[in-house]
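Have a look at the structure below, then the notes.
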Protein chains: 4
Amino acid sequence: MSLSAPLRGVVPPVCTPLDSHGEVDTASLARLVDHLVDGGVHGLFALGSTSEVAYLTDEQRATVLETVVNAADGRVPVLAGVIDTTTARVVEHARAAAALGAQALVATAPFYTRTHEKEIAAHFRRLRASVDLPLFAYDIPVAVHSKLAPGLVRALAEDGTLAGLKDSSGDEGGLRRLIVELGGRDGRTQGPAPQFSVLTGSELTVDAALLAGVDGVVPGIGNVDPAGYVRLYEAARAGDWALAAKEQEQLVDLFAMVDVGPEADMGRSSSALGSFKAALQLLGIIECGDTAFPQIQLSAESVALVARRLRAAGLSPVR
Amino acid sequence: MSLSAPLRGVVPPVCTPLDSHGEVDTASLARLVDHLVDGGVHGLFALGSTSEVAYLTDEQRATVLETVVNAADGRVPVLAGVIDTTTARVVEHARAAAALGAQALVATAPFYTRTHEKEIAAHFRRLRASVDLPLFAYDIPVAVHSKLAPGLVRALAEDGTLAGLKDSSGDEGGLRRLIVELGGRDGRTQGPAPQFSVLTGSELTVDAALLAGVDGVVPGIGNVDPAGYVRLYEAARAGDWALAAKEQEQLVDLFAMVDVGPEADMGRSSSALGSFKAALQLLGIIECGDTAFPQIQLSAESVALVARRLRAAGLSPVR
Amino acid sequence: MSLSAPLRGVVPPVCTPLDSHGEVDTASLARLVDHLVDGGVHGLFALGSTSEVAYLTDEQRATVLETVVNAADGRVPVLAGVIDTTTARVVEHARAAAALGAQALVATAPFYTRTHEKEIAAHFRRLRASVDLPLFAYDIPVAVHSKLAPGLVRALAEDGTLAGLKDSSGDEGGLRRLIVELGGRDGRTQGPAPQFSVLTGSELTVDAALLAGVDGVVPGIGNVDPAGYVRLYEAARAGDWALAAKEQEQLVDLFAMVDVGPEADMGRSSSALGSFKAALQLLGIIECGDTAFPQIQLSAESVALVARRLRAAGLSPVR
Amino acid sequence: MSLSAPLRGVVPPVCTPLDSHGEVDTASLARLVDHLVDGGVHGLFALGSTSEVAYLTDEQRATVLETVVNAADGRVPVLAGVIDTTTARVVEHARAAAALGAQALVATAPFYTRTHEKEIAAHFRRLRASVDLPLFAYDIPVAVHSKLAPGLVRALAEDGTLAGLKDSSGDEGGLRRLIVELGGRDGRTQGPAPQFSVLTGSELTVDAALLAGVDGVVPGIGNVDPAGYVRLYEAARAGDWALAAKEQEQLVDLFAMVDVGPEADMGRSSSALGSFKAALQLLGIIECGDTAFPQIQLSAESVALVARRLRAAGLSPVR
């Protein structure tokens, strides 16, 4: 299937279930894909930060993407993260993703090295020229430690390099300016980039982002409650903003599951991804809630806290 | 007049007009207050960051606050920033502000020094105990380089230390969590902090923030177009979110006036405050658009750009 | 007394003893000055960060400076910190310091506001023009959150604005480049800025800094062991670098006193300044080891740890 | 050859010459290795940040390491960087490096993801257990955006996980504390980690670092002037600190070659590595001075500036 433009709706960053040896549990992953598609999501983002892509070997990445594409089975498009330090390495991932059937690619700015706006522009242009798939820029300063300049994104939208932006920068004001400047968001006829899709990763303010004009959302906790985000999205599309806000508030409550254990005990990746995976295990969707080494695993007490959050949200643990 | 609780609506951070010698131009400041009150605002925030408080001597600060209180003349409440490095210095400003008739105080965490959550809590409690006025915490990491922890704000809300929060952190997700956790935002009857007022300083996403449940907004560019923000606020109060979003988009367009000159030429304070003051001068509200030394003044070319932005927004320059 | 140029040697940032009410204990402060001058130091830096200047009211600052100047009694020069957010406020402190007999001023870049290299240059030039005392730039990014650009410092050295630099940036490589570029450090005859004094605040690498060509050091823990730093300085001046390194290592051991309590309990200002003041109290030099509100006070256990460090260094507590 | 412990001396991070298609130029790389060994260096660090490791595909990395090991031909030990986001990926690089004949491995903390001290400790322990080669921790916050805690390094030194530290943190004070705490640096008999090697990447303060007790240096610009660093190291070993400082100053002068072009034009990686490679090309050691895509190439004007710096240092360009 090809990607309709612009991509709109709920596109969760699919978690990667692992077994107790740290290997990809493809059966659990296929069940998770069904859980998400059954929940009504509009696309799947495999190999994003939430998938623990940074922890997966190339072989594991291939296993994940193949499993997600097969399980999705054309029901929704699959975007593939191609996360690596610089262009040559990212191009290799992009070619692999294309061969495995991804419908679009999601790439960050170069990281580890010290980069520059001109270099980032060349990076995205080379990626687009190297692999013939729609390309999304992934703006995630917390991971790559640089922010995509709005003017750069606009230029790459207008010249057709980018099909969209996945914004996890947390800079909602800057994103609003970008959306206004891209223009023509409603009719998409006059605007300079009518096919350009803006997706937010700010999962706690999705109602607000949709009101501001984003096309969709990539919510990590959407792994746990995809239907909740779909209800939120549909309410917003229908212009029922009060309902959208109410749905968002319930998801904010659910999100409190990430506050497991004191910060002294583990990193934010371990606690956030660990709680999502614990929830998926409690819901019977995946076999094992472990996060990839060397992340710290949740204590039994933390898992119990996750279970309480699920119950408070009306999502019943089966284990 | 005393402050109704919780404070709601549009509360602009009042600019401080200066003459060409860098002294406070009280006649212009009084006209600016009239411009804002005539625009329908619900309160005034004097001596905030936008007022260039960090550039004003104690004597100048007193002149500013006295002028704003007198010009407001009880029509709307006046909040006074009490900005200084640590508690003892802030208490002195707080006492001065109380004597000059401020109806509430707005204080940041300690800065310049390396501080800590426990110390910040003691700081706000001592301030509240020292001067009997409602106290707002001013969360502005870009200036003080620490972020108020949500748990700290909640504790200080619940024990009555704080009457509200002025959030300029840009962390909209964290703010959403705080609002949900404060609870009872609509009826204000069950919540733990029913009198607590949350004001956002994120002036480009006010529709979104109101949808999320904030009580009001402190927009710097509200100096230029107070009526625009009041229309946005009223649309949101009426539940007309599409209209609120449209009003916000127009204000985002207007805000582009801050992009004056290349970044190589001046700091972000100079360019943002300089453009606001240039706009106020062009509109005939203040005499002189200079910002305080050592900020760099706008070039004539930049002022012309500001004038174009005003005209595009239907605000006609008179000079 | 006037300041000889360039200033060289050990110039401790004098702690400010407070009584249990938080007021300046002038008798203790005078004893501390004697302790330092008796230890052989070459100058005194009053109202620096280590003096808790950010916590002192203007009246307290005046008391401190007056006490230090009187106690020094012309035996060594007194530099005064003039720490405030921007130029107009700093000029007021500078005038007060001049009136109280300071021999030189030490000022940071503007803080709280967002500034710019051109604005920082104008700031220092205005300060120099406003008060006729030698002016040192205080490069302390941890407090003001901007770094003085080496090119800026060089320009201000060469045009006579600055008499010196107090470098607390921790960027030893950048400082080395600056020293090499200033040139003529030995004979001071050919160099472009022969009178310019470079003082480091990096108290754990003073031997290294002197080898690199700095003129002197401003060590916080020099309050506790001024004679140790004087021995280190004299060894370096004599070219006995092995001895200098040995003296430095002993001071590094002593410095471990700042590791009091877990970071969870207090800020770095509280722990570092609290341990210095506890040491001074244990040595019988000051009456009370309290730091200014809202800093957290050291526990008895932490004070015992400080005492052990003193004994290990051969400095005998008398209390 | 096996690595003697502790490793001491000058260990340059070998640049990776590329041809105009961006492929590894093995002939130039072999000449560069000869240039370095002939210059007297004590080891080679292949696949470090200066080698543009973040820009090289796995196949290119293998080509580089194989070429360096072969060219070194047992004359000096070869350390291999194994740079990737997290443990599983780094283990793959480590196995490849071992198979290609590296004598030691150099690994950073996890990056891209948000990590934690406990996770970093597990990461290094797993690496050490997975591949039987001496392991160096690479502390480079500018690239990985976390700092290795001194207590963590000490623990991993004492339990034998780490054979050494390559410190590019720029925190010279913290490094000094670590060295003092590791103890027994001279005789290496009493200390808790007598075999532990501390190498600094702070190439502008090597004299100072050697005085402080580091074992060696990994200087990027040592590619250009290895003999200069060897003279500096030998002077320090001989206790002739004045000579060491003089050698360092000349290298500081040479280092000014990195100031090519305004910052507006390229990233710091492009300018620093570009100038080193331009110098190597001018000296006739490598064929082509290009840096890896998407780094910006130096202009002819910038190359001319590099040539002037070479001449000023007595290094004669042959092109």
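The values are calculated or read from the model by the stated rules, or taken from the named source; none is laboratory data. Note that the structure is predicted; figures quoted are calculated from it, not measured. We place every Cβ from the backbone using ideal geometry, glycine too, and count neighbours over all the protein chains shown. What goes into the accessible areas is simple: the full protein's heavy atoms, side chains included, and nothing from ligands, DNA or RNA. Shrake-Rupley method; radii C 1.70, N 1.55, O 1.52, S 1.80 Å.
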Self-check item: Residue-averaged 222 nm ellipticity for the protein assembly as shown, from DSSP H runs of 4+ at -39500 (n - 2.57), nearest 500
Solution: -13500 deg cm²/dmol
Quiz item: Just from the alpha-carbon atoms, what are the Rg and Dmax of the range C:240-319 in angstroms?
Solution: 13.3, 44
Quiz item: Rounded to whole Å and sorted largest first, what semi-axes of the equivalent ellipsoid does the C-alpha gyration tensor of the protein assembly as shown yield via the square root of 5 times each eigenvalue?
Solution: 45, 43, 30
Quiz prompt | the range D:41-140: C-alpha gyration tensor shape, a/c 1.5 cut-off, then a/b vs b/c | solution = prolate
Quiz item: Where the label is 7 Å out from Cα toward Cβ, how close does residue D:237 come to the same position in every other copy, in nm, shortest first?
Solution: 3.4, 7.3, 8.0
Quiz item: When the accessible area of chain A is computed with all protein chains present and a 1.4 Å probe, what percentage of it is carbon and sulfur?
Solution: 49 percent
Quiz item: Can you tell me the accessible area per residue over the range C:1-54, all protein chains present, probe 1.4 angstrom, in square angstrom?
Solution: 31 Å²
Practice problem: Run down the lysines and flag those whose C-alpha is under 17 Å from the C-alpha of residue C:166, throwing out any fewer than 8 positions away in its chain. | Solution: C:147
Quiz item: Assigning unit charges at the beta carbon (Lys, Arg +1; Asp, Glu -1) and nothing else, what dipole magnitude in debye, to the nearest 20, does the range B:9-240 show about its Cα centre?
Solution: 740 debye
Quiz item: Which FRET efficiency, nearest 0.05, do residue D:99 and residue D:73 yield, Cβ-Cβ r, R0 22 Å?
Solution: 0.80
Quiz item: Once both axes come from the Cα atoms, what is the angle between helix B:241-255 and the longest principal axis of chain B, in degrees from 0 to 90, rounded to 10?
Solution: 50 degrees
Quiz item: Tell me, what is the percent relative contact order of chain C, built from C-alpha pairs under 8 Å that lie six or more residues apart?
Solution: 19 percent
Quiz item: Over its Cα atoms, what ratio of radius of gyration to 2.2 N^0.38 Å does the range A:9-240 give?
Solution: 0.96
Quiz prompt | Angle in degrees between helix C:268-282 and the longest Cα principal axis of chain C, rounded to the nearest 10 | solution = 60 degrees
Quiz item: Since chains A and B are linked by a rotation, which residue in A has the beta carbon closest to its axis, and how far is it in Å?
Solution: A:208, 2
Exercise. Return a whole-number percent for the relative contact order of the range A:273-319, with Cα pairs under 8 Å and 6 or more residues apart as the contact set.
Key: 44 percent
Self-check item: Charge dipole (the range B:9-240, unit charges on Cβ, about Cα centre) - positive-most of B:165, B:48, B:152
Solution: B:152
Quiz item: Once you average over the residues of B:104-114, how many Cβ atoms of partner chains fall within 10 Å of each Cβ?
Solution: 5
Exercise. Might you report the magnitude of the Cβ-based charge dipole of the range D:1-61 about its Cα centre, with Lys and Arg at +1 and Asp and Glu at -1, to the nearest 20 debye?
Key: 360 debye
Self-check item: Copy-to-copy label separations for residue B:158, where each label sits 7 Å from Cα toward Cβ, in nm and ascending
Solution: 4.0, 5.1, 6.0
Quiz prompt | Only Lys, Arg (+1) and Asp, Glu (-1) charged, at Cβ; the protein assembly as shown dipole about Cα centre in debye | solution = 0 debye
Quiz item: Of C:88, C:121, C:279, which is farthest on the positive side of the dipole of chain C, counting Cα position, with +1 on Lys and Arg Cβ, -1 on Asp and Glu Cβ, and the Cα centre as origin?
Solution: C:121
Quiz prompt | Centre separation in Å (Cα based) which lies between the range C:250-319 and the range B:152-184 | solution = 36 Å
Practice problem: Choose one of C:104, C:74, C:135: the residue whose Cα lies farthest towards the positive end of the charge dipole of the range C:9-240 (beta-carbon charges +1 Lys, Arg; -1 Asp, Glu; about the Cα centre). | Solution: C:135
Self-check item: DSSP beta bridge pairing in chain A, given as percent antiparallel to the nearest 5
Solution: 5 percent
Quiz item: Can you pull the mean other chain C-beta count within 10 Å for peptide A:52-65?
Solution: 3
Exercise. Evaluate the distance, in nm, between pseudo-label points positioned 7 Å from the Cα of residue B:4 and of residue B:319 along their respective Cα→Cβ axes.
Key: 3.6 nm
Self-check item: Degrees separating the helix D:117-130 axis from the principal Cα axis of chain D, which is the longest one
Solution: 80 degrees
Self-check item: Kirkwood-type radius of the range B:197-301, with distances r between different C-alpha atoms, in Å
Solution: 14.6 Å
Practice problem: In nm to one decimal, list the spacings between the residue B:59 label point and its equivalents in the other copies, with label points set 7 Å along Cα to Cβ, shortest first. | Solution: 1.9, 7.5, 7.8
Quiz prompt | Rounded to 5, percent antiparallel among DSSP beta bridges of the protein assembly as shown | solution = 5 percent
Exercise. With a 1.4 Å probe on protein heavy atoms only, tell me which residues of the range C:282-319 lose at least 20 Å² of accessible surface in the complex relative to the chain by itself.
Key: C:293, C:294, C:296
Quiz prompt | GNM flexibility winner over chain A from A:111, A:136, A:255 (Cα, springs under 10 Å) | solution = A:111
